[in-house]
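A.B. asks: I'd like to ask you about the structure that follows.
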Amino acid sequence: MWRSDYHTIKMIAKITDSVTLVSLQDPTDEPFEGRYPVPEGVTYNVYIVKGAKTAVLDTMDAKVTEEWRKELTEALEGTVPDYLIVHHMEPDHASNILNFMEMYPKARIVTSAKALKMMEQFFNRDMSPCCDIVAEDSELDLGTRKLRFMEAPLVHWPEVIMSYDADEKLLFSADGFGRFGPYDPSFDWLSGARRYYFNIVGKFGSNVQKLLAKAKNLEISKICPLHGPVLDRDLEKYVGLYDTWSSYRPETDGVAVVYASFYGNTAKAAEYAAECLRSRGRPVKLVDLVHQDISYAVEAAYQYSGMIVAATTYEGGLNPVMEMFLREISAKKYQSRKVGVIENGSFGATAGKHMLALLGDMPVEVVGEKVTILSSMNDANKKQIEELCGLF
Ligand code: FEO
């Protein structure tokens, strides 16, 4: 049931007879986490699990407090919850914990020990009297059903837990399998999920691998994340993508061409490289760092098996946005890819040297000679770019 009678898009839906989803779309144009543009929006999800006792799973961002309060109250249909399960303390899910406790003062908060510590940091008060601490394999008995907890440290914060309902085979996966974009399940999941994964969780591949190893032992019918749609089909495909992404294997055999141009000459070189690659039948993704957010370049870098970076020289160094991009992927453990370099400089070209130094800190294979353009691409440069593209 979709309604848009508020400035937020909201939904209350039955996931099963006894599990209800409340989903609200962020009503603002602000970047997610203060960093990532979300032109297609992003949702915050909470779940209500009813047994003899009732648990509410997580809260929402402060930006939707009033809508959250209203929709949660409506979805509870007069039931007073016994528990608030806090899977993750990042404020997009945890901002309304104190409001929840004001609304339902007898409820117990069920969470991890690390989350309790963070709660006290965020709220500057002793939260221990109202918290029950759970760890790996702890269970919460709701009378007619139980939720079992799994620790999921650094997916993508250290305190994260997930929970599993064995009766209905539901995995409540916190940020895992979440995505940018609307709730609408018909919206292409991949387009929002890949950028979400690599920018937010990408650094923590080994932790995701540990989680997937645990999840293998569970029979799962639905994955219920805190952002985006509940996944209730093709679960093998989604888990397979998470396995590929978290093991740093490329999803697509092809080349990301990421460039940062001042006046368009470096852009022409990047476009020429893309053309050469396409003429060889190679899938290509061009990303313009000046006009597109870095998060799209991070996504492309990981998706493809190779990358060509092209950038201008700036003040004896490197175009700052390219520097920022390379530092970002280095911090996110970019690895196991082929990379080629194109530099441009009207005097004292240094961009290539700086790009190679930054790439030198990453476990990647730099292929070919760096191509040096002096102001604008000439015929010799075209030939060098063609040769470089032949290496991918
Ligand atoms: Fe959706 Fe890590 O918070």
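A.B. asks: Under the Cβ-under-4.7 Å rule, which cysteines of the chain stay unpaired?
C.D. replies: Cys130, Cys131, Cys224, each lacking another Cys Cβ under 4.7 Å.
A.B. asks: Compute the separation of the alpha-carbon centres of the stretch 302-337 and the stretch 258-290 and state it in Å as a whole number.
C.D. replies: If you average the Cα positions of each part, the centres end up 14 Å apart.
A.B. asks: Taking every DSSP beta bridge with both residues inside the stretch 1-121, roughly what % is antiparallel (nearest 5)?
C.D. replies: Bridges in the stretch 1-121 that DSSP calls antiparallel: roughly 75 percent.
A.B. asks: May I ask for the angle, rounded to the nearest 10°, between helix 65-76 and the longest principal axis of the chain, with both axes built from Cα atoms and the value confined to 0 to 90°?
C.D. replies: Roughly 50 degrees, rounded to the nearest 10.
A.B. asks: In the stretch 19-59, which residues have a backbone nitrogen under 20 Å from the label point lying 7 Å from Asp141's Cα in the Cα-to-Cβ direction?
C.D. replies: Backbone N within reach: 49-56.
A.B. asks: As a test of the formula, what do you get for the chain when each DSSP H run with n ≥ 4 contributes -39,500 (n - 2.57) and the sum is divided by the residue count, at 222 nm and rounded to the nearest 500 deg cm²/dmol?
C.D. replies: Working: 12 runs with 123 residues, N = 392.
Taking each H run of at least 4 residues, the total per residue is -9500 deg cm²/dmol.
A.B. asks: Please give every one of the aspartates and glutamates within straight-line cross-link reach of Lys70, meaning a C-alpha to C-alpha distance under 20 Å, and leave out same-chain neighbours fewer than 8 residues apart.
C.D. replies: Cα-Cα hits under 20 Å: Asp5, Asp26, Asp58, Asp61, Asp82, Asp92, Glu102.
A.B. asks: Under a 10 Å cutoff between Cα atoms, tell me which one of Glu299, Glu315, Glu271 has the largest fluctuation in the Gaussian network model of the chain.
C.D. replies: Top of the fluctuation ranking is Glu315.
A.B. asks: Suppose we keep just the DSSP beta bridges with both residues in the stretch 221-347; what percent of those would be antiparallel, to 5?
C.D. replies: 15 percent
A.B. asks: Moving on. For Lys14, give me every one of the aspartates and glutamates with a C-alpha distance below 15 angstrom, ignoring sequence neighbours fewer than eight places off in its own chain.
C.D. replies: Partners found: Glu71, Glu74, Glu77, Glu168, Asp184, Asp232.
A.B. asks: For the stretch 59-73 and the stretch 156-180, write down the distance between their C-alpha centroids in whole Å.
C.D. replies: 20 Å
A.B. asks: Compute the long axis of helix 379-389 from its Cα atoms, compare it with the longest principal axis of the Cα atoms of the chain, and write down the angle in degrees, 0 to 90, nearest 10.
C.D. replies: Tilt of helix 379-389: around 40 degrees.
A.B. asks: Filter Lys114/Lys237; Lys203/Lys382; Lys10/Lys50 down to the pairs with a C-alpha to C-alpha distance above 29 Å, please.
C.D. replies: Over 29 Å apart, Cα to Cα: Lys114/Lys237; Lys203/Lys382.
A.B. asks: Over 31 Å between Cα atoms, which of Lys63/Lys338; Lys285/Lys333; Lys268/Lys333; Lys216/Lys333; Lys210/Lys338 qualify?
C.D. replies: Those over the limit are Lys63/Lys338.
Only the coordinates and a few stated rules stand behind these numbers; no lab work does. Because the structure is predicted, anything quoted here is derived from the model rather than measured. Ideal geometry is used to build each Cβ from the backbone, glycine not excepted, and the neighbour counts take in all protein chains shown.
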